[in-house]
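Enquirer: Below you will find the structure I want to go over with you.
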Amino acid sequence: MIDADLAVTNIGELATPVGHAPRLGPDLGRLRVVPGAAVACREGRIVFVGDAEAFRATVRLLPKAATLDARGGTVLPGFVDAHTHLPFAGWREGEFAERLRGATYSEIAARGGGILSTVAKTRAADVATLAALVRERLDAMLSLGTTLVEAKSGYGLTVDDEVKQLAAIRAGAEGHPVEVVATFLGAHTVPAEWRADRARYVALVIREMLPRVAGSGLATYADAFVDAHAFTLAEARSILEAARALGLGVRLHADQLADDGAAELAAELGAASADHLEFVSPRGIDALAKSGTVAVLLPAATHFLMQERKPPVRALIDGGVPVAVATDFNPGSCPTESMGTALELACLSHRLSVDEAIAAATLNAAHALGRSGETGSLEVGKRADLVVHAVPNRHHLVYRFGVPRVAAVVAAGRIVRTAEPVPSR
């Protein structure tokens with residue numbers, strides 16, 4: 001018999017990708033689907049996944065074990081949000097109103113708005129304030145079914161303010177059910193005080209910020225934004241090569257607003273991910289496939305910015321690039337914590353199938369954070385991160401768009417969130 005301290009029973013449908021590596025090409029949409037399922041956990045790990053009959057025959061609940069009744073709902077792995085900008089102060093709804101009147105993201109940035117607007121507010125906030133904001137946002141994400149999040153700095157742009165943001169990520173995430181992976185993004189944009197001497201700012205990032213961040217252990221990755229209003233390819237290369245030399249993994253904001261060749265740079269550097277990719281070229285796609293770098297799609301950001309250009313999603317998938325889906329939660333270009341929304345837009349705007357989107361938002365996203373051996377799928381031995389959705393099957397997550405139906409969340413084998421019981425019909 002298999003002993004368990006938590007059982008999730010009465011599951012109408014369980015759907016999960018399988019494996020410790022990302023799903024590629026035609027395998028992206030191949031999920032294990034189990035009707036009438038049950039899951040058993042012990043000490044935070046999954047010990048059984050299968051149908052109800054096998055559960056009854058092989059699982060023994062320990063004294064004081066917890067049982068979660070899924071009420072016929074659908075169980076998926078917890079969502080993994082592999083691209084967010086959690087630790088910021090202030091919102092930018094005024095810029096949103098400007099964009100509705102026709103202003104572009106680049107025009108707003110060129111006159112000192114955009115990222116620099118958030119920089120000013122974030123610099124004015126202390127660690128405790130930012131940590132409280134991080135925790136509030138993690139609470140919101142948890143309620144929407146997310147159990148693993150990447151969180152970037154990038155709104156400080158001084159040595160002390162970048163470290164402050166990373167310290168706020170750690171403090172806000174301490175003891176929280178959502179696991180957080182931190183990324184240093186000092187190369188988000190050149191701050192106003194260095195615009196006349198950007199080379200000195202790049203040197204500051206390399207010589208002072210990166211050693212301080214790496215020495216503190218506050219970040220796992222470093223990121224850079226390649227764009228006409230941010231950093232050139234050469235600047236990003238210098239920064240990320242320095243980050244690698246200090247033991248940090250690298251990621252890249254790539255080809256969002258133009259074909260900058262950033263996808264090729266990400267591949268050359270062996271980056272964990274290249275994110276956005278609306279303008280990625282065929283050369284970039286081929287390079288990403290060869291390197292195994294994950295293409296992190298951010299369909300909610302594309303939608304919110306009202307961009308007509310979409311990433312060449314089918315070319316990425318057919319080309320053998322690992323594809324993930326994330327929110328890009330931030331105050332300027334995607335102010336939503338909802339991975340459900342990202343999932344819906346991945347299907348309705350970027351034309352992934354529901355099953356492809358689920359794998360991209362779970363196992364493949366976990367791989368982008370170096371965590372696919374631990375989470376991202378519902379398999380024996382993995383961390384017990386799962387969500388009960390009050391819908392009869394996985395297709396309803398997109399079909400009945402716009403209304404989250406998260407009934408319960410389990411993180412590391414603990415029931416950490418329950419909503420009022422909702423029938424799955």
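Enquirer: Listed residues L130, L76; which is outside any helix (DSSP H, G or I) and either surrounded by 20 or more Cβ atoms within 10 Å (Cβ to Cβ) or not aliphatic (A, V, I, L, M) (or both)?
Expert: L76
Enquirer: May I pose another question? Restricting to region 52-73, name every residue that is small (G, A, S) and either surrounded by 13 or more Cβ atoms within 10 Å (Cβ to Cβ) or more than 21 Å from E379 (Cβ to Cβ) (or both).
Expert: Of everything in region 52-73, those that are small (G, A, S) and either surrounded by 13 or more Cβ atoms within 10 Å (Cβ to Cβ) or more than 21 Å from E379 (Cβ to Cβ) (or both) turn out to be A52, A54, A65, A66, A70, G72, G73.
Enquirer: A further question follows. Identify, please: which residue in region 395-404 is under 18 Å from A15 (Cα atoms) and within 20 Å of the chain's Cα centre (by Cα) and is, among those, surrounded by the fewest Cβ atoms within 10 Å (Cβ to Cβ)?
Expert: Among them, the one singled out is P404.
Enquirer: Now a separate question. Please enumerate the residues belonging to region 81-112 that are at pLDDT 90 or above and touching a Gly at 6+ places or on another chain (Cβ under 6 Å).
Expert: R92
Enquirer: Within region 232-284, can you find the residues that are of a type in the set (A, V, I, L, M), open to solvent by 20 Å² or more (accessible area, probe 1.4 Å) and either within 26 Å of T104 (Cβ to Cβ) or under 20 Å from the mean Cα position of the chain (by Cα) (or both)?
Expert: L233, A234, L257, A258, A272
Enquirer: Among the residues of region 30-48, how many are part of a strand (DSSP E or B) and open to solvent by 10 Å² or more (accessible area, probe 1.4 Å)? Give the derivation first.
Expert: Initial filter on region 30-48 (part of a strand (DSSP E or B)): 32-42, 45-48.
From the residues that got through so far, the ones that are open to solvent by 10 Å² or more (accessible area, probe 1.4 Å) too are 32-36, 42, 45, 47-48.
Total satisfying the criteria: 9.
Enquirer: Same structure, new question: Would you confirm whether or not region 117-132 contains a residue that is over 15 Å from V410 (Cα atoms), modelled with pLDDT under 95 and small (G, A, S)?
Expert: yes
Enquirer: Okay, next question. Please determine whether any residue of region 342-359 is in a strand (DSSP E or B) and modelled with pLDDT of 95 or more. Before the answer, list the steps.
Expert: Taking region 342-359 as the starting set, the residues that turn out to be in a strand (DSSP E or B) are none.
No, the conditions are met nowhere in region 342-359.
Enquirer: Taking the condition more than 25 Å from S153 (Cα to Cα), modelled with pLDDT of 95 or more and either of a type in the set (S, T, Y) or open to solvent by 10 Å² or more (accessible area, probe 1.4 Å) (or both), does A407 pass?
Expert: When the stated conditions are applied, A407 passes them.
Enquirer: Further, regarding this structure: I need the full set of residues from region 90-127 which are in contact with a Phe, Trp or Tyr (Cβ under 8 Å, 6 or more places away or on another chain) and open to solvent by less than 60 Å² (accessible area, probe 1.4 Å), in order please.
Expert: Answer for region 90-127, where residues must be in contact with a Phe, Trp or Tyr (Cβ under 8 Å, 6 or more places away or on another chain) and open to solvent by less than 60 Å² (accessible area, probe 1.4 Å): R99, G114, I115, T118, V119, T122.
Enquirer: Same structure again: Among the residues of region 250-282, how many are in contact with a Gly (Cβ under 6 Å, 6 or more places away or on another chain) and either part of a strand (DSSP E or B) or of a type outside the set (A, V, I, L, M) (or both)?
Expert: 1
Enquirer: Moving on to the next point. Can you list residue pairs whose Cβ atoms sit under 9 Å apart, with the first residue in region 347-363 being in contact (Cβ under 8 Å) with a residue 24 or more places away in the chain and within 24 Å of E379 (Cα to Cα) and the second being open to solvent by 10 Å² or more (accessible area, probe 1.4 Å) and of a type in the set (F, W, Y)? Count only pairs 6 or more apart in sequence or on different chains.
Expert: Listed pairs, sorted by first residue: V354/Y399.
Enquirer: Right, here's the next one. Please find, within region 96-121, the residue that is farthest from Q307 (Cα to Cα) out of those that are part of a helix (DSSP H, G or I) and β-branched (V, I, T).
Expert: Applying the filter and picking the extreme gives V119.
Enquirer: Would it be correct to say that A21 is surrounded by fewer than 17 Cβ atoms within 10 Å (Cβ to Cβ), free of Cβ contacts under 8 Å to residues at least 24 places away in the same chain and not in a strand (DSSP E or B)?
Expert: Numbers: surrounded by fewer than 17 Cβ atoms within 10 Å (Cβ to Cβ): yes; free of Cβ contacts under 8 Å to residues at least 24 places away in the same chain: no; not in a strand (DSSP E or B): yes.
Here the answer is no, as A21 does not meet what is asked.
Enquirer: Kindly indicate which of E374, E308 is among the charged types (D, E, K, R), at pLDDT below 95, out of contact with any helix residue (DSSP H, G or I) (no Cβ under 6 Å at 6 or more places or on another chain) and not in a strand (DSSP E or B).
Expert: From the options E374, E308, the qualifying one is E308.
Enquirer: Is it true that D27 is more than 24 Å from R371 (Cα to Cα), surrounded by fewer than 20 Cβ atoms within 10 Å (Cβ to Cβ) and modelled with pLDDT of 95 or more? Spell out how you get there, then give the answer.
Expert: Details: more than 24 Å from R371 (Cα to Cα): no; surrounded by fewer than 20 Cβ atoms within 10 Å (Cβ to Cβ): yes; modelled with pLDDT of 95 or more: yes.
The answer is no for D27.
Enquirer: Among (1) in contact with a Phe, Trp or Tyr (Cβ under 9 Å, 6 or more places away or on another chain); (2) free of Cβ contacts under 8 Å to residues at least 60 places away in the same chain; (3) crowded, with 21+ Cβ neighbours inside 10 Å, which single condition is L185 missing?
Expert: Answer for L185: the failing condition is (2).
Enquirer: For region 49-73, how many residues are within 27 Å of the chain's Cα centre (by Cα) and assigned to a strand (DSSP E or B)?
Expert: So the answer is 2.
Enquirer: Which one of these does E136 not meet: (1) surrounded by 21 or more Cβ atoms within 10 Å (Cβ to Cβ); (2) of a type in the set (D, E); (3) part of a helix (DSSP H, G or I)?
Expert: (1)
The values are calculated or read from the model by the stated rules, or taken from the named source; none is laboratory data. Quantities reported herein were computed from a predicted structural model and do not represent experimental measurements. Neighbour counts are summed over all protein chains in view; Cβ atoms, including those assigned to glycine, are modelled from backbone coordinates with ideal geometry. Each accessible area value is taken on the protein alone, full model and side chains, heavy atoms only, with ligands, DNA and RNA left out. Shrake-Rupley method; radii C 1.70, N 1.55, O 1.52, S 1.80 Å.
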